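K.L.:
This is the structure I have questions about; it appears just below.
The values are calculated or read from the model by the stated rules, or taken from the named source; none is laboratory data. All values derive from a computational prediction rather than experimental measurement. Using ideal geometry, Cβ is built from the backbone for each residue, glycine included, and neighbour counts are taken over all protein chains shown. Areas reflect the complete protein model, heavy atoms only, side chains present, ligands, DNA and RNA absent. Shrake-Rupley method; radii C 1.70, N 1.55, O 1.52, S 1.80 Å.
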Amino acid sequence: PGPPTDSNLIDTPVDNYGIRVNGPGTLTGSVVNSTAGAIEVGGDESFGIFIDTDLTGSIDNQGRITTIGDDATSISVNRAVTGDLSNSGTINAGGAGGISVYVGGAVGGAISNTGTINTGAAESRDIDFNIVPESSGEASLWIANSVSGGFFNSGNQVTDALEPGLDAEDPAAAI
């Protein structure tokens, strides 16, 4: 599953996949990461869940998906999905240019987030204790195709405990 997060190889483009679904046919059935599930993938340009064939079913994350590396994507949907795409868990894409959820294929159902979606990384230290500057992600949710059932978001609520400098009443502060 890629280099360890404390490895000097973490910045190497390796195209690792946690779950990769592709091929000439259509997959019938849903892709589910349950509440006990954890998908963690390291390396630049890597993927947590990668859907590159038509899917007759839904995609449901109830657990945790984390990608660490530049230009990594936690969930990438490149082909049509007949059902819903939903998140009630946690999705993290750490690293410059990271994308938490990319939807390039049409979604026949709805997209919903009642969990947490994070992109980018705060300042940290590497294995030699050198400061690693913060990195900005590309997008937490990128919808690049049609979504028949619409988009619903009630996740990532701002609280004083999580973001003391933000006003939770300010609509620009809550997603």
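K.L.:
Can S34 be described as of a type in the set (S, T, Y), open to solvent by 10 Å² or more (accessible area, probe 1.4 Å) and out of contact with any Asp or Glu (no Cβ under 6 Å at 6 or more places or on another chain)? I'd like the intermediate steps shown before the answer.
P.N.:
On the way: of a type in the set (S, T, Y): yes; open to solvent by 10 Å² or more (accessible area, probe 1.4 Å): yes; out of contact with any Asp or Glu (no Cβ under 6 Å at 6 or more places or on another chain): yes.
So S34 fits the description; yes.
K.L.:
State which residue is nearest to G97 (Cα to Cα) when the search covers only the range 62-72 and only residues that are surrounded by fewer than 24 Cβ atoms within 10 Å (Cβ to Cβ) and out of contact with any Asp or Glu (no Cβ under 6 Å at 6 or more places or on another chain).
P.N.:
Of all residues in the range 62-72, those surrounded by fewer than 24 Cβ atoms within 10 Å (Cβ to Cβ) come to 62-64, 66, 68, 70-71.
If we keep only those that are out of contact with any Asp or Glu (no Cβ under 6 Å at 6 or more places or on another chain) too, we end up with 62-64, 68.
Details: Q62: 24, G63: 23, R64: 20, I68: 11 Å.
Filtering first and then ranking leaves I68.
K.L.:
Here's another thing I want to ask about it. For the range 91-112, how many residues are open to solvent by 10 Å² or more (accessible area, probe 1.4 Å), at pLDDT 95 or above and under 22 Å from A36 (Cβ atoms)?
P.N.:
Number of matching residues: 1.
K.L.:
Within the range 127-145, take every residue that is among the hydroxyl-bearing types (S, T, Y) and not in a loop (DSSP other than H, G, I, E, B) and give me the one that is farthest from T82 (Cα to Cα).
P.N.:
Here is the first cut: in the range 127-145, the residues among the hydroxyl-bearing types (S, T, Y) are 135-136, 140.
Now restrict to residues that are not in a loop (DSSP other than H, G, I, E, B): 135, 140.
Working: S135: 34, S140: 22 Å.
The qualifying residue farthest from T82 (Cα to Cα) is S135.
K.L.:
Which of the residues belonging to the range 25-72 are within 23 Å of G109 (Cα to Cα) and in a loop (DSSP other than H, G, I, E, B)?
P.N.:
Correct list: G25, T26, G29, S30, S34, T35, T53, D54, G57, S58, Q62, G63.
K.L.:
Additional query: Tell me yes or no: at least one residue of the range 78-85 is in contact (Cβ under 8 Å) with a residue 60 or more places away in the chain, surrounded by fewer than 24 Cβ atoms within 10 Å (Cβ to Cβ) and not in a strand (DSSP E or B).
P.N.:
yes
K.L.:
How many residues does the range 68-86 hold that are over 17 Å from T114 (Cβ atoms) and among the acidic types (D, E)?
P.N.:
Qualifying residue count for the region: 2.
K.L.:
So, in the range 1-14, of the ones that are exposed (fewer than 13 other Cβ atoms within 10 Å of the Cβ) and in a loop (DSSP other than H, G, I, E, B), which residue ends up modelled with the highest pLDDT?
P.N.:
Ranking the qualifying residues of the range 1-14, first place goes to D6.
K.L.:
Quick check on my filter: what residues within the range 22-31 are farther than 24 Å from T116 by Cβ and surrounded by 17 or more Cβ atoms within 10 Å (Cβ to Cβ)?
P.N.:
L27
K.L.:
Could you tell me how many of the residues in the range 37-51 are under 17 Å from V21 (Cα atoms), crowded, with 24+ Cβ neighbours inside 10 Å and at pLDDT below 95?
P.N.:
Within the range 37-51, the first condition is being under 17 Å from V21 (Cα atoms), and the residues that meet it are 39-41, 45-51.
From what's left, crowded, with 24+ Cβ neighbours inside 10 Å: 41, 46-49, 51.
Going one step further and asking which of them are at pLDDT below 95, we end up with 41, 46.
Number satisfying all stated conditions: 2.
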